[in-house]
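Novice: One structure follows; several queries about it will come next.
The values are calculated or read from the model by the stated rules, or taken from the named source; none is laboratory data. Keep in mind it's a predicted model, so treat the numbers as computed, not measured. With ideal geometry, Cβ positions are generated from the backbone for all residues, glycine too; neighbour counts draw on all protein chains shown.
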Amino acid sequence: MRGNWRSTLSVVAGASALALSAVTATPALAYDAPVGPREVRMPADVAIVEGGAAEPGATVPFSVEPVELVEPVELVGPAGTPTPGGQAEAVGAAKAAPSSSTCLASTAAYGSSGCFQHSGDIIWAGDTKKDGMSAAVGVYTDYGRAEEVCVNKLGVDTWATCDKDYREDGNIRLRVLRYDGDTGKFYQPETWSGWIPVDGKF
């Protein structure tokens, strides 16, 4: 009798353990998955640098869509005075994209693309999705310089550049992700590049 009680107890305990492991090991179902992008925690002291459009007349190797960089266009301002440059120039320059031959370690994730142009130490950040967020390219060095993030706030289908100055004997690594300017938060999906020599010599 005592033996039957022990074997019944061990069967019940084993079944309970099996049920518990099935509950904890079962992957989340689709309706349990988080909706939307997931927030990425960044250091509080990370420097956020707003990228600008390429300079008018700059040599831009290729573009997202055929866009020619032209001389500044004069637009009439609110008071009827000409405004040098203007929105047309900014949009044309922002659509310019880096060349794969001059831009190293091209990296892309949902809505963002980035690369490093060793000639001039320029970070390129491309925004490829219209979702209310900006493309962001974080830059890490192998020599202890504080992390910086180049953010493209120029809109979808544009490229922004951040002109930096890195140590020529150092290496950098890019982290491409999304940025919400309203909240100041970063979001996945994200992608990392490998280490890139600042002088461009692998």
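Novice: Where the second residue is among the aromatic types (Phe, Trp, Tyr) and not in a strand (DSSP E or B) and the first is surrounded by 10 or more Cβ atoms within 10 Å (Cβ to Cβ) and lies in the range 36-48, which pairs have Cβ atoms under 9 Å and are six or more apart or on separate chains?
Specialist: PRO37/TYR110
Novice: Related question: If you go through the range 108-120 one residue at a time, how many are over 14 Å from TRP159 (Cβ atoms) and either in contact with a helix residue (DSSP H, G or I) (Cβ under 9 Å, 6 or more places away or on another chain) or crowded, with 18+ Cβ neighbours inside 10 Å (or both)?
Specialist: Count: 2.
Novice: Here's a follow-up. Taking the criterion of being charged (D, E, K, R) and under 13 Å from the mean Cα position of the chain (by Cα), would at least one residue in the range 111-122 satisfy it?
Specialist: No, every residue in the range 111-122 fails to be charged (D, E, K, R) and under 13 Å from the mean Cα position of the chain (by Cα).
Novice: Here's something else I'd like to know. Which members of the range 116-149 meet the condition of being among the small types (Gly, Ala, Ser) and not in a strand (DSSP E or B)?
Specialist: SER119, GLY120, GLY132, GLY144, ALA146
Novice: Follow-up. Quick check on PRO61: is it at pLDDT below 95 and in contact with an Asp or Glu (Cβ under 6 Å, 6 or more places away or on another chain)?
Specialist: No.
Novice: Sticking with this one: Please verify whether the range 159-176 includes one or more residues that are surrounded by fewer than 19 Cβ atoms within 10 Å (Cβ to Cβ) and within 20 Å of ALA44 (Cβ to Cβ).
Specialist: Within the range 159-176, none of the residues are surrounded by fewer than 19 Cβ atoms within 10 Å (Cβ to Cβ) and within 20 Å of ALA44 (Cβ to Cβ).
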